Amino acid sequence: TQLLEQSPQFLSIQEGENLTVYCNSSSVFSSLQWYRQEPGEGPVLLVTVVTGGEVKKLKRLTFQFGDARKDSSLHITAAQPGDTGLYLCAGDPGNQFYFGTGTSLTVIP
Amino acid sequence: DAGITQSPRHKVTETGTPVTLRCHQTENHRYMYWYRQDPGHGLRLIHYSYGVKDTDKGEVSDGYSVSRSKTEDFLLTLESATSSQTSVYFCAISEFGGKSPLHFGNGTRLTVT
(Lines give C-alpha, C1' and ligand atoms only; values in the text may rest on other atoms or scores of the structure.)
Protein backbone atom coordinates (compact mmCIF):
# COMPACT_ATOMS: atom_id res chain seq x y z
CA THR A 1 0.00 0.00 0.00
CA GLN A 2 1.43 3.33 -1.09
CA LEU A 3 0.83 6.15 1.36
CA LEU A 4 1.39 8.82 -1.28
CA GLU A 5 0.13 8.50 -4.85
CA GLN A 6 1.60 10.68 -7.56
CA SER A 7 0.09 11.38 -10.97
CA PRO A 8 0.83 11.22 -13.72
CA GLN A 9 3.52 8.57 -13.49
CA PHE A 10 5.10 9.64 -16.80
CA LEU A 11 4.87 12.94 -18.62
CA SER A 12 6.45 13.98 -21.91
CA ILE A 13 5.89 17.54 -23.09
CA GLN A 14 7.31 20.10 -25.49
CA GLU A 15 9.53 22.92 -24.31
CA GLY A 16 7.44 25.94 -23.33
CA GLU A 17 4.37 24.01 -22.19
CA ASN A 18 2.94 24.14 -18.69
CA LEU A 19 2.31 21.10 -16.51
CA THR A 20 1.01 20.07 -13.12
CA VAL A 21 2.02 17.06 -11.04
CA TYR A 22 -0.16 15.83 -8.20
CA CYS A 23 0.63 14.12 -4.90
CA ASN A 24 -2.36 12.69 -3.04
CA SER A 25 -3.00 10.78 0.17
CA SER A 26 -5.74 9.92 2.60
CA SER A 27 -3.38 10.73 5.47
CA VAL A 28 -2.67 14.09 7.03
CA PHE A 29 0.93 15.28 6.96
CA SER A 30 2.71 17.69 9.27
CA SER A 31 4.88 18.66 6.32
CA LEU A 32 5.45 17.71 2.72
CA GLN A 33 8.55 17.98 0.61
CA TRP A 34 9.25 17.87 -3.12
CA TYR A 35 12.48 16.45 -4.53
CA ARG A 36 13.93 16.18 -8.01
CA GLN A 37 16.17 13.30 -9.02
CA GLU A 38 18.40 13.00 -12.07
CA PRO A 39 19.71 9.68 -13.44
CA GLY A 40 22.53 8.19 -11.38
CA GLU A 41 22.10 10.65 -8.54
CA GLY A 42 20.18 10.94 -5.31
CA PRO A 43 17.10 13.15 -4.94
CA VAL A 44 17.65 16.83 -4.21
CA LEU A 45 15.21 18.86 -2.13
CA LEU A 46 13.23 21.54 -3.98
CA VAL A 47 10.86 22.78 -1.27
CA THR A 48 9.19 22.04 2.07
CA VAL A 49 5.60 23.09 2.77
CA VAL A 50 4.20 22.95 6.29
CA THR A 51 0.99 25.02 6.44
CA GLY A 52 -2.35 23.98 4.90
CA GLY A 53 -3.02 26.15 1.84
CA GLU A 54 0.59 27.28 1.61
CA VAL A 55 1.93 28.27 -1.81
CA LYS A 56 5.64 28.52 -2.50
CA LYS A 57 7.33 29.63 -5.70
CA LEU A 58 10.76 28.67 -6.93
CA LYS A 59 11.36 30.52 -10.22
CA ARG A 60 9.03 28.76 -12.70
CA LEU A 61 7.93 26.12 -10.16
CA THR A 62 4.89 26.68 -7.94
CA PHE A 63 4.16 24.33 -5.05
CA GLN A 64 0.87 24.17 -3.18
CA PHE A 65 -0.06 22.29 -0.02
CA GLY A 66 -3.71 21.33 0.27
CA ASP A 67 -5.88 23.02 2.89
CA ALA A 68 -6.36 19.71 4.70
CA ARG A 69 -2.63 18.87 4.43
CA LYS A 70 -3.39 15.61 2.60
CA ASP A 71 -2.25 16.58 -0.89
CA SER A 72 0.07 18.81 -2.84
CA SER A 73 0.72 19.92 -6.38
CA LEU A 74 3.70 21.10 -8.38
CA HIS A 75 3.08 23.40 -11.35
CA ILE A 76 5.82 24.18 -13.85
CA THR A 77 5.40 27.15 -16.17
CA ALA A 78 7.09 27.20 -19.57
CA ALA A 79 8.96 23.93 -19.06
CA GLN A 80 12.56 23.73 -20.22
CA PRO A 81 14.74 20.69 -21.06
CA GLY A 82 16.63 21.30 -17.82
CA ASP A 83 13.43 20.46 -15.91
CA THR A 84 13.68 16.85 -17.10
CA GLY A 85 13.90 14.44 -14.18
CA LEU A 86 12.01 12.38 -11.63
CA TYR A 87 9.88 14.45 -9.27
CA LEU A 88 9.14 12.91 -5.88
CA CYS A 89 6.89 14.09 -3.11
CA ALA A 90 7.55 13.00 0.47
CA GLY A 91 5.25 13.37 3.45
CA ASP A 92 5.87 13.15 7.16
CA PRO A 93 2.77 11.80 9.02
CA GLY A 94 4.62 12.22 12.29
CA ASN A 95 7.60 9.92 12.55
CA GLN A 96 9.36 9.40 9.23
CA PHE A 97 9.16 10.45 5.61
CA TYR A 98 7.22 8.37 3.10
CA PHE A 99 7.85 8.95 -0.58
CA GLY A 100 5.44 8.93 -3.48
CA THR A 101 5.97 6.74 -6.53
CA GLY A 102 7.36 9.65 -8.54
CA THR A 103 6.58 11.45 -11.79
CA SER A 104 9.09 11.06 -14.59
CA LEU A 105 9.12 14.26 -16.64
CA THR A 106 10.72 14.62 -20.07
CA VAL A 107 10.81 18.03 -21.71
CA ILE A 108 11.50 17.81 -25.42
CA PRO A 109 13.43 20.71 -26.99
CA ASP B 1 26.67 19.32 -1.67
CA ALA B 2 26.27 17.49 1.62
CA GLY B 3 29.26 15.25 2.30
CA ILE B 4 27.74 11.80 1.88
CA THR B 5 29.68 8.92 0.37
CA GLN B 6 28.17 5.54 -0.39
CA SER B 7 30.31 2.50 -1.09
CA PRO B 8 30.43 0.52 -3.20
CA ARG B 9 28.61 2.31 -6.04
CA HIS B 10 27.91 -0.94 -7.83
CA LYS B 11 27.88 -4.54 -6.63
CA VAL B 12 26.88 -7.87 -8.12
CA THR B 13 26.51 -10.76 -5.71
CA GLU B 14 25.03 -14.23 -5.61
CA THR B 15 21.92 -15.35 -3.78
CA GLY B 16 22.65 -16.39 -0.23
CA THR B 17 25.80 -14.33 0.25
CA PRO B 18 26.11 -11.59 2.87
CA VAL B 19 26.47 -8.00 1.65
CA THR B 20 27.31 -4.82 3.53
CA LEU B 21 26.76 -1.34 2.15
CA ARG B 22 28.43 1.64 3.76
CA CYS B 23 27.31 5.23 4.16
CA HIS B 24 29.80 7.81 5.39
CA GLN B 25 28.93 11.45 6.19
CA THR B 26 31.12 14.42 7.05
CA GLU B 27 28.25 16.71 8.19
CA ASN B 28 27.94 15.43 11.77
CA HIS B 29 24.17 15.03 11.27
CA ARG B 30 22.32 13.04 13.89
CA TYR B 31 19.85 11.24 11.62
CA MET B 32 20.79 8.73 8.94
CA TYR B 33 18.51 6.66 6.72
CA TRP B 34 18.66 3.77 4.29
CA TYR B 35 16.13 3.71 1.43
CA ARG B 36 15.67 1.40 -1.52
CA GLN B 37 14.33 2.60 -4.84
CA ASP B 38 12.45 0.32 -7.20
CA PRO B 39 10.34 1.08 -10.29
CA GLY B 40 6.71 1.67 -9.37
CA HIS B 41 7.46 1.93 -5.65
CA GLY B 42 9.45 5.10 -5.31
CA LEU B 43 11.75 5.30 -2.31
CA ARG B 44 10.95 3.06 0.66
CA LEU B 45 12.56 3.37 4.07
CA ILE B 46 14.47 0.30 5.28
CA HIS B 47 16.00 1.44 8.58
CA TYR B 48 16.99 4.70 10.14
CA SER B 49 19.20 5.91 12.97
CA TYR B 50 18.64 8.80 15.36
CA GLY B 51 22.03 8.58 17.05
CA VAL B 52 25.01 6.33 17.69
CA LYS B 53 23.72 2.84 18.45
CA ASP B 54 20.11 4.08 18.14
CA THR B 55 18.26 2.57 15.19
CA ASP B 56 14.71 1.71 14.22
CA LYS B 57 12.87 -0.16 11.47
CA GLY B 58 11.27 1.38 8.43
CA GLU B 59 8.48 0.01 6.26
CA VAL B 60 10.59 -2.64 4.43
CA SER B 61 13.08 -3.84 7.06
CA ASP B 62 12.72 -7.62 6.67
CA GLY B 63 16.00 -9.21 5.54
CA TYR B 64 18.09 -6.15 6.47
CA SER B 65 20.04 -5.11 9.54
CA VAL B 66 21.93 -1.91 10.32
CA SER B 67 24.62 -0.69 12.65
CA ARG B 68 25.87 2.73 13.67
CA SER B 69 28.93 2.65 15.89
CA LYS B 70 30.07 6.18 14.96
CA THR B 71 28.18 9.33 14.05
CA GLU B 72 29.66 9.36 10.57
CA ASP B 73 29.04 5.76 9.51
CA PHE B 74 25.81 3.84 8.93
CA LEU B 75 26.07 0.29 7.63
CA LEU B 76 23.34 -1.72 5.92
CA THR B 77 23.74 -5.51 5.91
CA LEU B 78 21.89 -8.10 3.90
CA GLU B 79 22.61 -11.26 5.89
CA SER B 80 21.68 -13.60 3.02
CA ALA B 81 20.95 -11.74 -0.19
CA THR B 82 17.90 -12.66 -2.29
CA SER B 83 16.95 -11.66 -5.82
CA SER B 84 14.13 -9.51 -4.43
CA GLN B 85 16.79 -7.31 -2.83
CA THR B 86 18.12 -6.28 -6.23
CA SER B 87 17.62 -2.54 -6.11
CA VAL B 88 19.25 0.86 -5.88
CA TYR B 89 20.03 1.74 -2.27
CA PHE B 90 20.23 5.34 -1.09
CA CYS B 91 21.60 6.68 2.13
CA ALA B 92 20.27 9.99 3.42
CA ILE B 93 21.12 12.27 6.32
CA SER B 94 19.11 14.87 8.18
CA GLU B 95 20.27 17.35 10.78
CA PHE B 96 17.16 17.40 12.98
CA GLY B 97 14.85 14.71 11.62
CA GLY B 98 11.19 15.66 11.38
CA LYS B 99 10.66 18.44 8.83
CA SER B 100 14.34 19.08 8.15
CA PRO B 101 15.45 18.18 4.63
CA LEU B 102 16.98 14.90 3.62
CA HIS B 103 20.33 14.98 1.85
CA PHE B 104 21.00 11.92 -0.25
CA GLY B 105 24.07 10.09 -1.41
CA ASN B 106 24.41 8.98 -5.02
CA GLY B 107 23.24 5.45 -4.42
CA THR B 108 24.52 1.88 -4.61
CA ARG B 109 23.20 -0.32 -7.39
CA LEU B 110 23.00 -3.88 -6.06
CA THR B 111 22.28 -6.86 -8.28
CA VAL B 112 21.63 -10.28 -6.71
CA THR B 113 21.93 -13.12 -9.23
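The values are calculated or read from the model by the stated rules, or taken from the named source; none is laboratory data. This is a predicted model, so every value here is computed, not measured. As a convention, Cβ positions derive from the backbone with ideal geometry for all residues, glycine included, and neighbour counts pool all protein chains shown. Accessible surface areas use protein heavy atoms only, side chains included; no ligands, DNA or RNA. Shrake-Rupley method; radii C 1.70, N 1.55, O 1.52, S 1.80 Å.
Using a probe radius of 1.4 Å on protein heavy atoms only, what is the accessible area buried between chains A and B, both sides summed, to the nearest 100 Å²?
1600 Å²
Please check: in the Gaussian network model of chain B (C-alpha springs, under 10 Å), which one of B:Ser61, B:Ser84, B:Ser49 has the largest mean-square fluctuation.
B:Ser84
If every alpha-carbon in region A:1-94 counts as one equal scatterer, what log10 I(q)/I(0) does Debye give at q = 0.25, 0.26 1/Å?
-1.41, -1.48
Hey, what did chain B get for relative contact order, percent, Cα under 8 Å, at least 6 apart? List each step's numbers first, then the result.
Details: 295 pairs, mean separation 39.9, N = 113.
In percent, rounded to a whole number, it is 35.
Could you please state how large a percent of the accessible area of the protein assembly as shown is carbon and sulfur, counting protein chains only and using a 1.4 Å probe?
Carbon and sulfur: 48 percent of the exposed surface of the protein assembly as shown.
Which entries in the list A:Lys70/B:Lys53; A:Lys70/B:Lys99; B:Lys11/B:Lys99; A:Lys57/B:Lys99 go over 23 Å, if you measure between the two C-alpha atoms of each?
The pairs that break the limit, which is 23 Å between Cα atoms, are A:Lys70/B:Lys53; B:Lys11/B:Lys99.
Report the relative contact order of chain A, percent, no decimals, based on alpha-carbon pairs under 8 angstrom and at least 6 residues apart.
So the answer I get is 38 percent.
One-quarter of the Cα convex hull surface for region B:26-92, in nm²?
The directionally averaged projection comes out at 4.5 nm².
Using the Kirkwood radius over C-alpha pairs as Rh, can you work out the diffusion coefficient of the protein assembly as shown via Stokes-Einstein at 37 °C, viscosity 0.692 mPa s, in µm² per second?
Numbers: Rh = 17.9 Å.
Value of D from the Cα-based Kirkwood radius: 183 µm²/s.
What is the mean projected area of the alpha carbon convex hull for chain B, to one decimal in square nanometres?
Hull-based average projected area comes out at 6.5 nm².
Would you look at the GNM of chain A, springs on alpha carbons closer than 10 Å, and say which of A:Gln80, A:Gln33, A:Gln14 moves the most?
Maximum fluctuation in the GNM of chain A, among the listed residues, is at A:Gln14.
Tally the DSSP beta bridges in chain A and give the antiparallel ones as a percent, rounded to 5.
Working: 35 of 40 bridges.
Roughly 90 percent of the beta bridges in chain A run antiparallel, per DSSP.
Distance between Cα centroids, region A:9-25 to region B:33-94: provide it in whole Å.
A separation of 30 Å, based on Cα centres.
Where is the GNM fluctuation largest for chain A (alpha-carbon springs, 10 angstrom cutoff): A:Ser31, A:Ser73, A:Ser12?
Comparing A:Ser31, A:Ser73, A:Ser12 in the GNM, the peak value goes to A:Ser12.
Could you run the Karplus curve 6.51 cos²θ - 1.76 cosθ + 1.60 with θ = phi - 60° over region A:29-42 and give me ³J(HN,Hα) per residue in whole Hz, x for Gly and Pro?
Whole-Hz 3J(HN,Hα) from phi for region A:29-42: 10, 6, 7, 9, 10, 10, 10, 10, 10, 9, x, x, 10, x.
Leaving out ligands and nucleic acids, note down the accessible area per residue over chain B with a 1.4 angstrom probe, in whole Å².
Heavy-atom SASA per residue in chain B reads 47 Å².
I'd like the FRET efficiency for A:Tyr22 and A:Gln2, computed as 1/(1 + (r/R0)^6) with the beta carbon distance as r and R0 of 22 Å, rounded to 0.05. The partial results should precede the final answer.
Details: r = 14 Å, r/R0 = 0.62.
Step by step, r from the Cβ atoms, then E = 0.95.
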